[in-house]
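The values are calculated or read from the model by the stated rules, or taken from the named source; none is laboratory data. Since the model is a prediction, treat every value here as computed from it, not as a measurement. So basically every Cβ, Gly included, is an ideal-geometry build from the backbone, and we count neighbours across all protein chains shown. The protein model used for the area step is the full one, side chains on, heavy atoms only, and it has no ligands, DNA or RNA in it. Shrake-Rupley method; radii C 1.70, N 1.55, O 1.52, S 1.80 Å.
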Amino acid sequence: MLVLTLLGFAKAQEFHCAVSVNYQKLMTTTQGYESSDKKIFESMKQAIEDFVNARHWTNLDFEQQEQIDCSISLILNERTSPTNFSGQLSIQMRRPVYNSSYTTGLFNYIESNNLSFVYNETQPLEYDMNTYYNNLSSAISYYLYVLLGIYFDSFAPNGGDQFYEVANTIYHTAEVVDKQAWSSTSSQKARYWFMENHTNTAYADLRQAYYQYHRLGLDMMTKDQPQARQSILAALQSLQQVHKVRPNLLAVQQFVDVKISELVSIFTPAPPEEQKQVYDVIKAVSPINVTKLKDFNTK
């Protein structure tokens, strides 16, 4: 369980984030890569790591062991000038489970379209939620606040409110300057929908599901497994309620995609009636994942 530090402890940054920059695709093209450019990609990796890990993103106190485990991968697809790049952004986050060494996935998403950005290795990445510096820093900071919102929702009902508000501000600040990349109809429309899905009161059950699944479910597994499974089933039913309001919601699909293998592990030893409940919800909410429950008793 997340415990904020008491007075007297040093304040650590919120994120412990592993960053990778993959430039292999540039090496196979006649443009955008020379062997001497390797230091630019190493500089880019370091700049993103420093941007995420060396900055305080909240006013909360974290101990070292409380830092949020995440990873960011940037797969470069094109370089049109010495400072202009495009690539795919992939972001993952994991959460510790109380009283165990187990960590559970909370977020795993790859943007389907290219992130176009300017990177100059002589200039550090900057952040201000009310200022648009460039597409790279805005996109990363936006997702970090979405991650913070989800993370704190998993510990307390609506615990992520303040972080979704910041993500919302970053989004609208960027949209004013770069509508093509940030509008709800752009190629990167997922940025709009992640923010919208977690702030629209019509989907309040989505955020409740994070709390039911993690704090009342996984965190209680070592204490009372049957009751913990019931809480996880309640979380799935909350997702189903959201699905009834708005089918195929992006955040609901992301939730199921991250959790499906874990659900198999949790409910394989469960009674058949519980397996059927899981199967029925997944069939309704995310049919593409039903095949992963093929060994469940659904009669």
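Equivalent-ellipsoid semi-axes (√(5λ), Cα gyration tensor) for segment 57-209, whole Å, largest first? Don't skip to the end; give the middle numbers.
Working: eigenvalues 146, 68, 44 Å².
Here the semi-axes work out to 27, 18, 15 Å.
In segment 248-299, if every C-alpha pair distance is counted and binned at 10 Å from zero, what percent goes to each bin?
Per 10 Å bin, starting at zero, the Cα-Cα P(r) for segment 248-299 comes out as 27, 59, 14, 0 percent.
Considering the Cα trace of segment 147-299, what is its radius of gyration and what is Dmax, both in angstroms?
Final numbers for Rg and Dmax: 16.7, 55 Å.
Mind listing which trypsin sites (Lys or Arg not before Pro) in segment 235-280 are in a DSSP loop and have 10 or fewer other Cβ atoms within 10 Å? It would help to have the intermediate numbers written out before the result.
Numbers: sites: Lys244, Lys259, Lys276; in loops: none.
Passing sites in segment 235-280 do not exist.
Can you give the calculated 222 nm mean residue ellipticity of the chain, where each DSSP H run of n ≥ 4 adds -39,500 (n - 2.57) and the sum is split over every residue, rounded to the nearest 500 deg cm²/dmol?
Working: 10 runs with 135 residues, N = 299.
My calculation for the chain gives -14500 deg cm²/dmol from helical runs alone.
What is the spread of the Cα atoms of the chain along each of their three principal axes, largest first, in whole Å?
60, 49, 35
Using alpha carbons only, how many degrees (0 to 90, rounded to 10) separate the axis of helix 135-153 from the longest principal axis of the chain?
The helix 135-153 is inclined about 20 degrees to the chain.
In the chain, what percentage of the DSSP-assigned beta bridges are antiparallel, given to the nearest 5?
The antiparallel proportion sits near 75 percent.
Relative to the Cα centre, what is the charge dipole magnitude of segment 34-176, using +1 at the beta carbon of each Lys and Arg, -1 at the beta carbon of each Asp and Glu, and rounding to the nearest 20 debye?
Rounded to the nearest 20 debye, it is 300 debye.
Round to the nearest 10 and give me the degree value, 0 to 90, for the angle of helix 204-214's Cα axis relative to the longest principal axis of the chain.
80
GNM on the chain, C-alpha springs below 10 Å: top fluctuator among Ser43, Ser81, Ser71?
Result: Ser81 has the largest fluctuation of those listed.
Taking only C-alpha pairs under 8 Å that are 6+ residues apart, what is the relative contact order of the chain in percent?
It rounds to 12 percent for the chain.
Say the cut-off is 19 Å between C-alpha atoms; which of Lys276/Lys299; Lys244/Lys283; Lys223/Lys276; Lys259/Lys292; Lys25/Lys45; Lys259/Lys294 go over it? Could the numbers behind the result be given before it?
Working: Lys276/Lys299 7 Å; Lys244/Lys283 13 Å; Lys223/Lys276 24 Å; Lys259/Lys292 11 Å; Lys25/Lys45 16 Å; Lys259/Lys294 16 Å.
Listed pairs above 19 Å: Lys223/Lys276.
So how exposed is Arg246, as accessible area in Å² (1.4 Å probe, rounded to 10)?
90
Could you tell me the center-to-center distance, by alpha carbons, between segment 208-271 and segment 90-112 in angstrom?
Segment 208-271 and segment 90-112 have Cα centres spaced 14 Å from each other.
Residue by residue through segment 260-271, what is 3J(HN,Hα) from phi via Karplus (6.51 cos²θ - 1.76 cosθ + 1.60, θ = phi - 60°)? Round to whole Hz and write x for glycine and proline.
3J(HN,Hα) across segment 260-271, in whole Hz: 4, 5, 5, 4, 4, 5, 5, 9, 4, x, 7, x.
What does the extension gain come out to for Ser265 and Lys244, with contour length at 0.36 nm per residue minus their alpha carbon separation?
That pair, Ser265 and Lys244, stretches by 4.9 nm at full extension.
To the nearest 10 degrees, how steep is helix 272-285 against the longest Cα principal axis of the chain, on a 0 to 90 scale?
Tilt relative to the chain: about 40 degrees.
Taking the inverse of the average 1/r across all pairs of different Cα atoms in segment 227-275, what Kirkwood radius in Å do you get?
Radius from the Kirkwood sum: 11.5 Å.
Step by step: find N for segment 66-131, compute 2.2 N^0.38 Å, then divide the Cα radius of gyration by it. What's the final number?
Against the empirical 2.2 N^0.38 Å value, I get 1.48 for segment 66-131.
Over segment 16-112, how many percent of alpha carbon pairs lie in each 10 Å bin up to the one with the longest distance?
Histogramming segment 16-112 at 10 Å steps yields 14, 39, 28, 15, 5, 0 percent.
Can you tell me the dipole magnitude for segment 40-97 around its Cα centre, using point charges on the Cβ only (Lys, Arg +1; Asp, Glu -1), in Debye to the nearest 20?
Here the size comes out at about 240 debye.
Got a sec? Charge dipole of the chain, +1 on Cβ for Lys and Arg, -1 for Asp and Glu; which of Leu115, Val252, Asn135 is way out at the positive end?
Checking the options against the dipole of the chain, the answer is Val252.
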